[in-house]
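For reference, the structure discussed in these notes is given below.
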Amino acid sequence: MEKILSAEDVVVKFTLRGETLTAIRGVSLDLHRGESLAIVGESGSGKSVFTKTFMGMLDPNGWVDSGRILYKGHDLARYKTERQWLGIRGREIAMVFQDPMTSLNPLKTVGHQILETVELHRSVRRAEARRLSMDILRDVGISDPEKRYNQYPHEFSGGMRQRVVIAVAIACNPNVLICDEPTTALDVTIQAQILQLLHSLQEKYGLTIVYITHDLGVVANVADRVAVMYAGDVIECGLCEEIFYNPQHPYTWALLSSLPQLGVKGEPLFAIRGTPPNLHSEIKGDAFAPRNPYALEIDFIRRPPCFQVSPTHRARTWLLDPRAPRVTPPAPIARSRKLWMEKKMEKMKEQDRDAR
Amino acid sequence: MPDSGLCPEKLLEVKNITVEFGAGRKKFTAVRDVSFDIKKGEIFGLVGESGSGKTTIGRAIIRINAVTSGSILYRGERISGKISTETDRKVVKNIQMIFQDPMASLNERAKVDYIVSEGFYNLYPGENEENRRRAVARALLDVGLLPEFADRFPHEFSGGQRQRIGIARVLVMEPELVIADEPISALDVSIRAQVLNLMSSLREKRSLTYLFIAHDLSVVQFITDRTAVIHRGALVELAETEKLFANPLHPYTRALLSAIPSPDPAVERHKRVEVYDPSRHDYAADPPAWIEIEPGHFVSANSKEKEEYEQNIGQWV
């Protein structure tokens, strides 16, 4: 598959009150054209910071320390000036933010905010731009766009407002759309509608979408591929099915089995001990080791390398080393893995039969 | 419900309460004619979307919001409207609340010791210092924190720990009923399970009853015994949680359940989300009533819908 964006060994650092902290610790991740990639992680895992480096939107006290971010032959990690970024931001890579309350200008009409982007990024006349803006409003599922065009954000409900934010983002006709927790501020019924909308826009506009979320339900709905982040590192990455049915890293196990949906009523839920590490102090070995009941001695000493599980699936855990002892994952994980394997076997048998 | 009694006693009765804000042209009805009971020892879930009035109900019970009409009874005694100081103290002691955002609900400038014992100071002024310390230490231990933490400030704790402090402050009062208003939605995914487990274990240990207010249906399904669904200030359905999730009757409940995200790609890919359109109800001529359609299963329906729902129930049996 064609790579549209490729991050290689990216390290991001921040200075905070005279101290330097490492927010992203050598992350490599490819983005393929036309796919939906979900980046999952808790708050502070660096999922937002990582994607902000694609658009030059890090806070002023942060910088890309090393590594490369390749997009269309350019290394975005070396971009310094706003001028350079203006060629990328919005035009090539656009962003949808979490809270539609704060990402729209309350003093301008909704139509004007879309018009602004259209005029900035496509050299068209006012009347043409207006017509285009109306089309976009219709595309994001806002009925009666002629009337809505002249209304202000406060006249819209939360879900409708998020549709407007999406409209502004796609108004510049970007290649890549980064959605940072696009549905976290919305109700479940609205969430489902927004996810459906993003999916249909992806087909219509040929978008590549990166979803940043902590909600594994959303991930299961939208993602082709999933990257799991913990303490500034992608600890596991693979196809959606691989991550949900055959996860390898103990953190992914823990994350999945602590979901109430997989729990048995009346029994305690699987809970992860402790709290995520402090990024101020240097992390030695596997960042998850102190909270990991499956941790090996080496986990506290050396950072595990990336082990390839399948051509599309890799994980950073010493458990995949051939010398590691065999462990049984938590019950819900073992259960779904077994089902998945059985299904796979059945499929293979069927194919065998068909071949014969 | 732990299958204990034949007919567990009603701890709290909410009877036809309406809560209005503002007056005249600005009047807004946040809660309209809501009734339900909470039985001793159960976890009662209240789910709805933002703005549906679920928090207002919780706040009406602990007397932060006054009810416009209707009444709330605690162990058979009215606790809404004008009540005696003595009853008020009883409410304060026995009904406590856990708030959503542990970052916002703890006093940044006070030590944990003070935060946890603030209610204690108010309820038992002049109480022996030794007793107070013992109560604080016990509460902290019960929520899985060390008594030494009493000398620290809230900013030294993570979100999950802060929520534990919020729970400790409730426990120190030794309440019977705890109103948990979205207690885990502000927490990180890996921390949520810890707090949920803590709440379940405290139910046994401190024989608590919970009113669990949430918008996340998967959590509600996991933890509650009975669930009420609220839409635009009015209850639409109430039943045992398992029954409600298996056989939802009201179209709003069905829409809500169909939208629950599931952490299983195979399920998600084939999911069909139902959309609820309030205009489907023909309520102009035949207004809805709150009816018990089968034992323990309440739904808001008019006479035509009632027949329809009854048929549905007939099919399941």
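Using a Cα-Cα cut-off of under 24 Å, which lysines could be cross-linked to residue B:111, ignoring same-chain neighbours fewer than 8 residues away?
Candidates past the 8-residue exclusion: B:93.
When only Cα pairs under 8 Å and 6 or more residues apart are kept, what is the percent relative contact order across the stretch B:248-317?
Reported as a whole number, the value is 25 percent.
Using amide H atoms built in the peptide plane, which far-off residues or other-chain residues are under 5 Å from residue A:4 H to H?
When sequence neighbours closer than 5 places are left aside, the close amide H contacts are A:31, A:32, A:33.
Using a Förster distance of 41 angstrom, determine the FRET efficiency expected from the C-beta separation of residue B:174 and residue B:50, and round it to 0.05.
Numbers: r = 32 Å, r/R0 = 0.79.
E(calc), rounded to 0.05, equals 0.80.
Which value, in Å² and to the nearest 10, is the accessible area of residue B:129 when all protein chains are kept and the probe is 1.4 Å?
90
Any idea of the total accessible area buried by the A-B contact, 1.4 Å probe, rounded to 100 Å²?
So the buried area, both faces added, is about 3000 Å².
Mind listing the phi-derived Karplus ³J(HN,Hα) values for the stretch A:101-116, rounded to whole Hz, using 6.51, -1.76 and 1.60 with θ = phi - 60°, and x for any glycine or proline?
5, 9, 8, 10, 7, x, 9, 10, 5, 4, x, 4, 5, 6, 4, 3
Can you list the residues in the stretch A:174-191 whose accessible area drops by at least 40 Å² when all protein chains are present, compared with the chain alone? Use a 1.4 Å probe, heavy atoms only.
At a threshold of 40 Å² (probe 1.4 Å), the residues of the stretch A:174-191 that become less exposed are A:187, A:188, A:189.
Compute the distance from the alpha-carbon center of the stretch A:300-347 to that of the stretch B:36-86, in whole Å.
49
Over chain B, what relative contact order in percent results from Cα pairs under 8 Å that are six or more residues apart? It would help to have the intermediate numbers written out before the result.
On the way: 540 pairs, mean separation 60.8, N = 317.
Relative contact order, chain B: 19 percent.
Nearest 0.05, what FRET efficiency do residue B:273 and residue A:267 give at R0 = 22 Å with Cβ-Cβ as r?
Numbers: r = 30 Å, r/R0 = 1.36.
So the FRET efficiency works out to roughly 0.15.
Give, ordered by residue number, each residue of the stretch B:253-270 whose 1.4 Å probe accessible area is reduced by a minimum of 40 Å² on adding the remaining protein chains to the chain alone.
Checking the loss per residue gives B:259, B:261, B:263, B:265, B:268, B:269.
Can you return the lysines within cross-link range of residue B:39? Criterion is Cα-Cα under 17 Å, with same-chain partners fewer than 8 residues away left out.
By straight Cα distance, residue B:39 reaches B:10, B:15.
Enter the Cα centre distance for the pair the stretch A:22-50 and the stretch B:150-219, rounded to the nearest angstrom.
One Cα centre to the other: 31 Å.
Starting from the residue with the highest accessible area, list A:149, A:245 in decreasing order, probe 1.4 Å.
Accessible-area ranking of A:149, A:245, largest first: A:245, A:149.
Round to the nearest 0.05 the FRET efficiency obtained for residue B:64 and residue B:138 when R0 = 25 Å and r is the Cβ-Cβ distance.
According to the calculation, E is roughly 0.35.
Can you work out the Karplus-derived ³J(HN,Hα) for every residue in the stretch A:185-200? Use 6.51 cos²θ - 1.76 cosθ + 1.60 with θ = phi - 60°, whole Hz, and x for glycine or proline.
For the stretch A:185-200, the Karplus curve yields 8, 10, 6, 4, 5, 6, 3, 4, 5, 5, 5, 4, 4, 4, 5, 6 Hz.
With a 1.4 Å probe on protein heavy atoms only, tell me which residues of the stretch B:148-169 lose at least 10 Å² of accessible surface in the complex relative to the chain by itself.
Buried by 10 Å² or more upon assembly, which counts only protein chains, are B:158.
Accessible area of the protein assembly as shown with a 1.4 Å probe: how many percent of it is carbon plus sulfur?
Heavy-atom surface of the protein assembly as shown belonging to carbon and sulfur, 1.4 Å probe: 50 percent.
Count the net charge of all other residues whose Cβ sits under 14 Å from the Cβ of residue A:300, scoring Lys and Arg as +1 and Asp and Glu as -1.
Residues near residue A:300 contribute 0 overall.
Which value in nm describes the separation of the simple spin-label points at residue A:2 and residue A:116, placed 7 Å from the Cα toward the beta carbon?
3.3
With no solvent and one point per C-alpha, what does the Debye sum give as log10 I(q)/I(0) for the protein assembly as shown at q = 0.07, 0.08 Å⁻¹?
Results for the protein assembly as shown at q = 0.07, 0.08 Å⁻¹ read -0.53, -0.70.
Just to confirm a number: summing +1 for Lys and Arg and -1 for Asp and Glu over residues other than residue B:154 whose beta-carbon lies under 10 angstrom from that of residue B:154, what do you get?
+2
Round to the nearest 10 and report in Å² the accessible area of residue A:112, as given by a 1.4 Å probe over the protein chains' heavy atoms.
70
5 Å is the cut-off here: which amide hydrogens, built 1.01 Å from N in the peptide plane, fall below it relative to residue A:96, excluding neighbours closer than 5 in sequence?
A:178, A:179, A:180
How do B:114, B:252 rank by accessible surface area computed with a 1.4 Å probe, from largest to smallest?
Highest to lowest solvent-accessible surface, that is B:114, B:252.
Taking 0.36 nm per residue of separation and subtracting the Cα-Cα distance, what length does fully extending residue B:242 through residue B:21 add?
Gain on stretching residue B:242 to residue B:21: 76.1 nm.
Under 24 Å Cα to Cα from residue A:108, which lysines show up? Leave out anything in the same chain fewer than 8 places away.
Candidates past the 8-residue exclusion: A:147.
Ordering A:348, A:95, A:57 by how much accessible area each has at a 1.4 Å probe, largest first, what is the list? Spell out each step's value before the answer.
Working: A:348 110, A:95 20, A:57 50 Å².
Heavy-atom accessible area, descending, gives A:348, A:57, A:95.
Can you name the helices of chain B, as whole DSSP H runs, whose Cα span along the helix axis is 24 Å or more and whose Kyte-Doolittle mean is not below 0.0?
Membrane-span-like by this rule: B:189-205.
Under 14 Å from the Cβ of residue A:142, count the other residues' Cβ atoms, weight Lys and Arg +1, Asp and Glu -1, and hand me the total.
Net charge in that neighbourhood comes out at 0.
Can you list the residues, at least 5 places off or on another chain, whose amide H is less than 5 Å from the amide H of residue B:45, using H built in the peptide plane?
For residue B:45, whose amide H was placed from the backbone, the distant partners under 5 Å are B:212, B:225, B:226, B:227, B:228.
Leaving out ligands and nucleic acids, and using a 1.4 Å probe, what accessible area per residue does the protein assembly as shown come to in Å²?
47
I need the phi-derived Karplus couplings for the stretch B:222-230: 6.51 cos²θ - 1.76 cosθ + 1.60, θ = phi - 60°, integer Hz, Gly and Pro marked x.
6, 9, 8, 8, 10, 9, 10, 9, 10
The values are calculated or read from the model by the stated rules, or taken from the named source; none is laboratory data. The structure displayed is predicted, hence computed values, not measured ones. A quick note on method: Cβ atoms are made from the backbone with ideal geometry, for glycine too, and the neighbour counts reach across all protein chains shown. Please note that ligands, DNA and RNA were not included when accessible areas were found on the heavy atoms of the full protein model with its side chains. Shrake-Rupley method; radii C 1.70, N 1.55, O 1.52, S 1.80 Å.
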